[in-house]
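The structure appears below as structure tokens.
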Amino acid sequence: MEARDPELKKELDATLQARKELGGDYESALVESFLEKVEQRLDDTVDRRVRRQLAEQQVVVARGGTKSPQGTSSFGERFGFGAVSLVLAIPLSAIGVANAGIEGLVVAWLGIVGVNAVHAARGLPWQRRNRQKSDWED
């Protein structure tokens with residue numbers, strides 16, 4: 001979806017014009033209708049991108065190329081996972097302390113460290129070498 005989509009701009013203008021004509025009583029219905037159109041547009045864009053990526057992967061496989069190993073992860077994936085786990089650590093710590101005191105805090109952080117350790121160890125070379133291919137993988 002382009003940053004300035006002419007169809008969505010027309011829809012927004014029509015929604016704003018309808019609000020002027022109908023008044024504030026129908027504002028929530030008009031906003032919901034517009035947001036549904038935006039959501040549908042985003043869904044279509046995501047679907048199109050996913051289909052394109054799947055097609056590109058199929059072409060690579062059909063040409064005899066290899067896909068990137070499942071165990072390797074990019075810097076962005078590792079950084080994103082770490083950032084998300086730290087953001088989620090705040091409410092998890094608060095919940096742990098509120099419910100079980102210092103023991104709850106320790107358990108929450110052991111869980112956070114454990115999940116991050118498993119994620120980090122997932123891409124180690126020795127783990128990829130000994131791993132059997134499962135039925136879930138292509």
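Some notes on this structure:
- Set Val113, Val61: member being part of a helix (DSSP H, G or I) and at pLDDT below 85: Val61
- Members of the stretch 2-31 found to be exposed (fewer than 10 other Cβ atoms within 10 Å of the Cβ) and either touching a residue at least 24 places away in the same chain (Cβ under 8 Å) or part of a helix (DSSP H, G or I) (or both), listed by number: Pro6, Lys20, Glu21, Gly24, Asp25, Ser28
The values are calculated or read from the model by the stated rules, or taken from the named source; none is laboratory data. What you are looking at is a predicted structure, and each value in this text was computed from that prediction instead of being measured. No Cβ is skipped: glycine too gets one built from the backbone with ideal geometry, and neighbour counts run over all protein chains shown.
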